[in-house]
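I have placed the structure first, in the form of structure tokens, so that the comments after it can refer back to it.
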Amino acid sequence: MQILTTIAEMRQARLELRLRRRTLGLVPTMGALHAGHLSLVATARAGCDAVAVSIFVNPTQFGPNEDFARYPRTFDADCALLEEAGVDFVFAPSTAEMYPPGASTYVAVEGVSDRLDGASRPGHFRGVTTVVSKLFNIVAPEWVYFGQKDAAQVAVLRRMVRDLNFDVEVVVCPIVRDDDGLAMSSRNRYLTPEERRQALVLRRTLCRIEEEAAAGITSSAVLIDAGRAVLVEEPKVRVDYFAIVDPETLVDLENVNAGNTLVAVAAFVGNTRLIDNVLI
Ligand code: PAJ
């Protein structure tokens with residue numbers, strides 16, 4: 001496995017693959033890797049000749065009062081996991097490599113970037129779409145792998161790929177959970193044992209909605225009420241958003257659209273913001 005820290009090295013590696021007619025899959029990450037990230041890597045490994053994983057804690061997607069400075073950075077452990085997973089390239093540029101002084105160009109997907117996480121975290125998705133565009137230009141993968149865990153991010157990035165005609169196929173992988181049902185996240189390591197227990201209410205809420213929908217309830221308002229009845233079981237969990245939306249536009253749905261409905265929740269457990277979702 002090669003660890004590349006400059007854009008020039010990454011471009012050279014891509015060029016050599018192309019000369020050998022090898023395809024490349026990219027898994028963008030911010031590191032602090034867990035089994036969720038590794039499931040994306042395994043899917044890429046199965047579908048591409050070569051796999052690149054980027055590790056870059058992207059400052060432009062963090063708000064001024066968010067956790068950029070304390071975001072977990074576990075580079076050596078990440079590389080060990082990626083080596084084990086059969087990854088060919090780790091692209092780990094510095095902040096200055098990605099954003100040289102004076103960098104002032106952004107990619108913004110209007111509308112959809114302002115919903116769900118975009119509504120709570122102004123500017124977040126502009127940072128995501130900018131860095132992912134840059135990664136596409138640098139790594140030039142045939143396939144890129146994202147997790148359904150970040151459902152709003154998937155909607156925004158799919159829209160960007162379509163609108164800007166990026167020559168890359170987006171593959172979305174299912175949410176990986178811990179045994180207790182909590183969706184894996186790099187931020188779970190912020191949780192105290194008590195907060196971790198409280199956080200399980202998010203999964204229980206989504207399961208309740210799934211059950212009610214399976215029983216034939218289609219009204220979003222009725223389903224949200226059923227979900228809220230579960231959420232209040234943990235009064236210390238502060239809901240940020242809880243919505244039933246179209247998975248492509250992230251616009252609220254009055255009624256569940258069988259097979260094409262996203263139920264998404266975000267909440268603060270202590271100071272940690274967690275998200276989870278289910279497609280019904
Ligand atoms: P990060 O939070 O590190 O996540 C990297 C990828 O792993 C994302 O596509 C995310 O959806 C996926 N992922 C995280 N937890 C998962 C889980 N439990 N199951 C399945 N997939 C999971 O998302 C980002 O980084 C950044 O915004 C990035 C796209 C890298 C741009 O900076």
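The values are calculated or read from the model by the stated rules, or taken from the named source; none is laboratory data. Fair warning: this is a prediction, and the values are worked out from it, not measured in the lab. FYI the Cβ positions are ideal-geometry reconstructions off the backbone, even for glycines, and counts take in every protein chain you see.
Selection of segment 131-162 for residues being within 9 Å of the ligand (Cβ to nearest atom) and assigned to a helix (DSSP H, G or I) yields Val131, Val132, Leu135, Ala151, Gln153, Val154, Leu157.
Between Pro193, Pro174, which is under 18 Å from the mean Cα position of the chain (by Cα) and loosely packed, with under 15 Cβ neighbours inside 10 Å?
Pro174
All of Val256, Val201, Val237, Val232 fail the test of being surrounded by fewer than 18 Cβ atoms within 10 Å (Cβ to Cβ) and either on the phi > 0 side of the Ramachandran plot or more than 19 Å from the chain's Cα centre (by Cα) (or both), apart from Val232.
Of the residues making up segment 163-178, those that are aliphatic (A, V, I, L, M) and either within 11 Å of the ligand (Cβ to nearest atom) or on the phi > 0 side of the Ramachandran plot (or both) are Val170, Val171, Val172, Ile175, Val176.
Here the strands (runs of 3 or more DSSP E) wholly within segment 1-116 that include at least 3 residues being over 28 Å from Pro174 (Cβ atoms) and more than 15 Å from the ligand (Cβ to nearest atom) are 2-4. Is it the case, given these coordinates, that Ala213 is away from the ligand (no atom under 14 Å from the Cβ), among the aliphatic types (A, V, I, L, M), surrounded by 17 or more Cβ atoms within 10 Å (Cβ to Cβ) and outside any loop (DSSP other than H, G, I, E, B)? So Ala213 fits the description; yes.
Could you check how many residues of segment 217-274 are touching a residue at least 60 places away in the same chain (Cβ under 8 Å) and outside any strand (DSSP E or B)? Qualifying residue count for the region: 7.
Can you tell me which of Val87, Val109 is in contact with an Asp or Glu (Cβ under 9 Å, 6 or more places away or on another chain) and aliphatic (A, V, I, L, M)?
Of Val87, Val109, the one residue that is in contact with an Asp or Glu (Cβ under 9 Å, 6 or more places away or on another chain) and aliphatic (A, V, I, L, M) is Val109.
Residues that are within 30 Å of Asp163 (Cα to Cα), among the charged types (D, E, K, R) and in contact with a strand residue (DSSP E or B) (Cβ under 6 Å, 6 or more places away or on another chain) within segment 215-254 comprise Asp240, Asp252, listed in sequence order. Applying the set (1) in a loop (DSSP other than H, G, I, E, B); (2) within 19 Å of Ala42 (Cα to Cα) to Asp167 leaves exactly one unmet item: (2). Would you check if Gly181 is within 15 Å of the ligand (Cβ to nearest atom) and under 29 Å from Val57 (Cα atoms)? So Gly181 fits the description; yes. The C-beta contact set for segment 140-151 (first residue over 13 Å from Phe166 (Cβ atoms), second residue part of a loop (DSSP other than H, G, I, E, B) and at pLDDT 95 or above, distance under 6 angstrom, 6+ apart or interchain) comprises Gln148/Pro174; Gln148/Ile175; Lys149/Ile175.
For (1) free of Cβ contacts under 8 Å to residues at least 24 places away in the same chain; (2) in contact with a Gly (Cβ under 9 Å, 6 or more places away or on another chain), each residue gets a yes or a no:
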{"position": "Arg11", "(1), (2)": "no, no"}
{"position": "Arg21", "(1), (2)": "yes, no"}
{"position": "Pro28", "(1), (2)": "no, no"}
{"position": "Val41", "(1), (2)": "no, yes"}
{"position": "Cys48", "(1), (2)": "no, yes"}
{"position": "Ala52", "(1), (2)": "no, yes"}
{"position": "Glu66", "(1), (2)": "no, no"}
{"position": "Phe91", "(1), (2)": "no, no"}
